[in-house]
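The values are calculated or read from the model by the stated rules, or taken from the named source; none is laboratory data. Predicted model, so just to flag it, every value in this text is computed and none were measured. Cβ placement follows ideal geometry from the backbone for every residue including glycine, while neighbour counts extend to all protein chains displayed.
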Amino acid sequence: MKICVISFDYWDYDHYIVKALTKKGVQSHHIKIGEIKHDNFREKANNALNKMFFQRNLKHEKRQKYVIDTLEKIGHQDQILVLNPDVFTNETLHFVRKKTNKLITFLYDNLTRFPVQNKLHFFDKIFSFDDQDVQEYGFQKLCNYNYLGSPKQYNEVLDFDMFYVTSFDKNRNKIIFPLVERLNRIAAKFQIVVVGKKVWHHKLKYILIADQKKIPVLFRRKTIDSGIIFDFYKRTRTILDLMRVGQTGLSFRVFEAMALQKKIITNNVAIKDYDFYNPNNILVLNDDFSNLTMDFLQSPYQEIPDEIYTKYTLDSWVDMVFELK
């Protein structure tokens, strides 16, 4: 069987799907368009001018061509999985459709944030992690996955009570300021990292309202290597997970915490509906954060039963998406 995964892969998660398929003996390939960038400054400047005067994004066009050229090279596929089709043109998806027996998509984001209704007709099967979209459009419900395999404990050196890394989002990041005040009030040790091209004005606001004492919130434009994030996760007791407005699906942080046997602090009330929910391990924040205490941060983690844990592994995810069993 030949299966291809096509995605942007901003946070470098999607390649794990290909690894899992390969371990199962499937001939698999990953077309990662996030790797396609400008070759030099001249090309970058040319793209900027085209966007400004002609509303053309040459880098976007280059990525579409990369998908088509790669599929031409690797040939017809039994199944193709497209992750978040918003980054692909209808012309590209039409070409991809012709190169496979079954075209599948998994929507990482809800249709309110990324409206791709005009692209859904290309797909034989549509998965979504958003409960509202599943109910309204009849998609198949699918969570993100635990790509780390069996649970592992990393409790030898714990430098932080809480760690959080997030992409910049204006509404979500508003929560950070009052949350920092609460963490300081309970004397928690923590590190927060906000990543994105638009962080500069958020950083300025933070500097203006912050106290003179050092508060560990880092703003940076460039993404952080997954290995560095993983190292922070190993050194913390809990992982913070804040949802975008309107989002109810579970992020990868939930499953990373599950695999590393770390606690989760979140504002996602929907997490209480899952069979792995345990109030000892998962704290759903109230509006004023008053339920965030050192007792929760420092009490021991309670292990998840094996039969529940297995349901959320990448191995089970791959079997379901591609109907391998």
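For the reader, a short list of remarks on this structure follows.
- Any chance Phe53 is touching a residue at least 24 places away in the same chain (Cβ under 8 Å) and more than 23 Å from the chain's Cα centre (by Cα): no
- Answer residue from region 273-296, given it is in contact (Cβ under 8 Å) with a residue 24 or more places away in the chain and part of a helix (DSSP H, G or I) and is surrounded by the most Cβ atoms within 10 Å (Cβ to Cβ) among those: Phe296
- Residue check for Asp133: outside any strand (DSSP E or B) and at pLDDT 90 or above: yes
- Only one entry of Asn101, Asn144 meets the criterion of being at pLDDT 90 or above and over 30 Å from Leu297 (Cβ atoms), and that entry is Asn101.
- Any hit, region 148-170, residues being over 30 Å from Ile308 (Cβ atoms), more than 19 Å from the chain's Cα centre (by Cα) and either of a type outside the set (S, T, N, Q) or modelled with pLDDT of 75 or more (or both): no
- Among the candidates Arg244, Arg237, residue that is surrounded by 14 or more Cβ atoms within 10 Å (Cβ to Cβ), modelled with pLDDT under 90 and either under 16 Å from the mean Cα position of the chain (by Cα) or within 19 Å of Arg182 (Cβ to Cβ) (or both): Arg244
- Across region 297-319, the qualifying residues are those that are in contact (Cβ under 8 Å) with a residue 60 or more places away in the chain and within 30 Å of Lys174 (Cα to Cα), and the one among them that is surrounded by the most Cβ atoms within 10 Å (Cβ to Cβ) is Leu297.
- Taking first residues from region 24-43 that are over 14 Å from Asp12 (Cα atoms) and partners that are of a type in the set (D, E, K, R) and surrounded by fewer than 16 Cβ atoms within 10 Å (Cβ to Cβ), the Cβ contacts under 6 Å between residues at least 6 apart in sequence or on separate chains come to His38/Lys44.
- Residue in region 297-308 that is within 29 Å of Arg185 (Cα to Cα) and in a helix (DSSP H, G or I) present: yes
- Number of residues in region 266-307 that are at pLDDT 95 or above, within 30 Å of Thr22 (Cα to Cα) and β-branched (Val, Ile, Thr): the value is 0.
- Residues of region 234-272 classified as over 18 Å from Lys141 (Cα atoms), not in a loop (DSSP other than H, G, I, E, B) and not small (Gly, Ala, Ser), total: 15
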